[in-house]
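The values are calculated or read from the model by the stated rules, or taken from the named source; none is laboratory data. Values in this document were obtained by computation on a predicted structure and should not be read as measured data. With ideal geometry, Cβ positions are generated from the backbone for all residues, glycine too; neighbour counts draw on all protein chains shown. We work out accessible area using only protein heavy atoms, side chains counted, and drop any ligands, DNA or RNA first. Shrake-Rupley method; radii C 1.70, N 1.55, O 1.52, S 1.80 Å.
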Amino acid sequence: MLENDLEVSLRTLTAFSERLVEILQEERQALVDRSLPALGRITDAKLRACADLEHAVDVLGPVPLRERIAELPESARAKLEPLHTRLIELARLTQEYNTVNGKIVRRSQQSVRELINLMSGKDTELLYGDQGHTVASRQGTAIARA
């Protein structure tokens, strides 16, 4: 791959990665706001952005970018290494946003499960039975405790 082709690929990957970071920022806000319509729209946008990124990576082939850049003359490396560094930083940001968004989703799911248990009256508490052993006992007053 020629220097110019590599630069175009790096710039394309950077643009797609920046868009994915923006989408993940929007997703975080939609998760905090619990906006289902926004989450649906964002999920579609995220799928498109990931497909675009995957296609751009496939075009590059199996040789890592770092190796391709290292093979170029010094003048080309000086121009492409900052682009490559920016791309790595965007990948790190994407990973961080995705991790935090996943934690927000898991916490929301946990809250919903706890509310369902409270509302259903299916809470169980360990109580001592007639034989002196602990037995799980369903409490019908869960809604009153909520």
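Quick rundown of the values:
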{"quantity": "Positions within region 64-76 being open to solvent by less than 60 Å² (accessible area, probe 1.4 Å) and either over 13 Å from residue 3 (Cα atoms) or assigned to a helix (DSSP H, G or I) (or both), in sequence order", "calculated": "65, 68, 69, 76"}
{"quantity": "Per-region count, region 2-35, residues surrounded by 15 or more Cβ atoms within 10 Å (Cβ to Cβ) and of a type in the set (A, V, I, L, M)", "calculated": "9"}
{"quantity": "Qualifying positions in region 36-62 - in contact (Cβ under 8 Å) with a residue 24 or more places away in the chain, open to solvent by 60 Å² or more (accessible area, probe 1.4 Å) and among the aliphatic types (A, V, I, L, M)", "calculated": "57, 59"}
